Amino acid sequence: MNTDLGVGAETCTMRRREMAKYTVVTMPGDGIGKVVLPESIRVLDAVGFDAEYVHADIGWDFWINEGNALPERTIELLAKHKLGLFGAITSKPKDKANKELKPTLQGKGLVYFSPIVGMRQRFNLDICIRPCLSFPGNPLNFIRRGPSDEVEEPRVNAVIFRQNTEGLYAGIEWTNPPDNVYAAFASHPKFKVFASTPKQDLAISTRVLTRNACRRIVTAAFEYAKKHGFKSVTVCEKPNVLRETSGMMEEVAKEVQKNFAGIEIWSTNIDAQMMWLTKNPEIYGPIVASNMFGDIVSDGFAGLVGGLGFACSANIGDEVAVFEPTHGSAPKYEKLNPPIVNPIAMILSAAMMLDHIGDFDKAKKVRDAVAAVVAEGKIQAYDMMRIVGGPDSLSKGAANTIQLTDAIIAKLK
């Protein structure tokens, strides 16, 4: 297959098959997203997934040249085809983003907004699932000292259910808030300590949770626990301080738990949870959290199972679903030839897509192939070898991106 996932649909030569069972919208995005996404398609091809792939524009180049990192034409493709594979995105602070706009777009009041957050909100992709599974033989797996000073490697199998559209990521914030907003906040007794601060020196972000969205994400976590035989679901919030928002999540979780006999509900504070990660990570299964806390705890658990090179995720709504690795765009590695980045997180994200459409056998084959390569230990990306990434990492024994994918495909056969 000849695949070019560079910027611009006209540069993308993709395999076309008449009457393909599925059409997948491919959004490589920025940096290494353009490197790892084609590798996931090679694996999908090798496992026999019957699909056509349609390229869609997304990312920093489109912000610079169009003032929109998520063009409407991409939204239309997702609305039509329902399935998306997404690579990675570059995001920068407001001032830097505005400076990089082409001159004809500057001063027009354009505001950069993360396109993946935009997709989540546009299609209500409110259920984010982030499995953190340790593969035996992965040299990056977490180890600890046991009671007799022996080395232990606990089996981690935590699955974070992150509410994806609300909370601090909803984008409801202001610097120098308008008078009506200022007045509303000033009506709260706790705001009195800020009364002497000039408005232009105030930045306000809101944390908004709704009962319905809390119920959907908590129910998804409990349904997963029931399906896969877990005996508990952990709610990871901060209700002792964030009494209203975290309090609502906990209240809803207790209501939902009544419908799942035999599955306990555990409650942890986000700060304590991060401390306990390295104490007993093997006791956790499904963990449910609001947007920011879910982002934090999922990265924490990912660090125990190999880091972001192994961290996959799903963004699921009622109609549309988008699958992505949770790593960033790492632009310094994009142009290396041959490429050196670890494609496993992207490949595992594609396996999650197979699960989503009910093709469980193919999804298992992909994960088993990844597990076999990791366990064998002969082909490892630079991150798995704990060496610094760069052009010389290959000379130190690291496999390049294509070699690692080839090894996974070989295990499929």
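The values are calculated or read from the model by the stated rules, or taken from the named source; none is laboratory data. Owing to the predicted nature of the structure, the values given are computational and were not obtained by experimental measurement. With ideal geometry, Cβ positions are generated from the backbone for all residues, glycine too; neighbour counts draw on all protein chains shown.
Some notes on this structure:
- For beta carbons closer than 8 Å, sequence separation of 6+ or different chains, a first residue in segment 235-251 that is assigned by TED's automatic domain parsing to the domain that holds Met292 and more than 15 Å from Val208 (Cβ to Cβ) and a second that is assigned to a helix (DSSP H, G or I) and small (Gly, Ala, Ser), the qualifying pairs are Val235/Ala253; Cys236/Gly294; Lys238/Ser246; Pro239/Ser246; Pro239/Gly247.
- Residue within segment 31-48 that is hydroxyl-bearing (Ser, Thr, Tyr), within 21 Å of the chain's Cα centre (by Cα) and under 15 Å from Glu324 (Cα atoms) present: yes
- Residues that are assigned to a helix (DSSP H, G or I) and more than 19 Å from Cys128 (Cα to Cα) within segment 191-229 comprise Phe191, Lys192, Val193, Phe194, Lys199, Gln200, Asp201, listed in sequence order.
- In segment 70-77, the condition of being of a type in the set (S, T, N, Q) and either at pLDDT 95 or above or touching a helix residue (DSSP H, G or I) at 6+ places or on another chain (Cβ under 8 Å) (or both) is met by at least one residue.
- Checking Gly306, Gly300, Gly294, Gly285 one by one, the residue that is on the phi > 0 side of the Ramachandran plot and either modelled with pLDDT of 95 or more or not assigned by TED's automatic domain parsing to the domain that holds Ala399 (or both) is Gly306 and no other.
- Within segment 230-283, the set of residues being under 30 Å from Arg145 (Cβ atoms) and assigned to a helix (DSSP H, G or I) comprises Ile270, Asp271, Ala272, Gln273, Met274, Met275, Trp276, Pro281, Glu282, Ile283.
- Entry remark, segment 168-186: residues being modelled with pLDDT of 95 or more, at positive phi and either out of contact with any Leu (no Cβ under 8 Å at 6 or more places or on another chain) or in a strand (DSSP E or B) (or both) number 0 in total.
- Candidates are the residues of segment 252-287 that are among the aromatic types (Phe, Trp, Tyr) and in contact (Cβ under 8 Å) with a residue 24 or more places away in the chain; the one that is nearest to Gly167 (Cα to Cα) is Trp266.
- Residue that is nearest to Thr210 (Cα to Cα) [pool: residues in segment 284-319 that are of a type in the set (Val, Ile, Thr) and not in a helix (DSSP H, G or I)]: Val288
- Residue in segment 117-140 that is touching a residue at least 24 places away in the same chain (Cβ under 8 Å) and farther than 28 Å from Leu354 by Cβ present: no
- Output for segment 141-162, where each listed residue is in contact (Cβ under 8 Å) with a residue 24 or more places away in the chain and either among the hydroxyl-bearing types (Ser, Thr, Tyr) or out of contact with any Leu (no Cβ under 6 Å at 6 or more places or on another chain) (or both): Asn141, Arg144, Pro154, Arg155, Ala158, Val159, Ile160, Phe161, Arg162
- Exclusive hit being more than 21 Å from the chain's Cα centre (by Cα) and surrounded by fewer than 16 Cβ atoms within 10 Å (Cβ to Cβ), set Ala375, Ala407, Ala399, Ala369: Ala375
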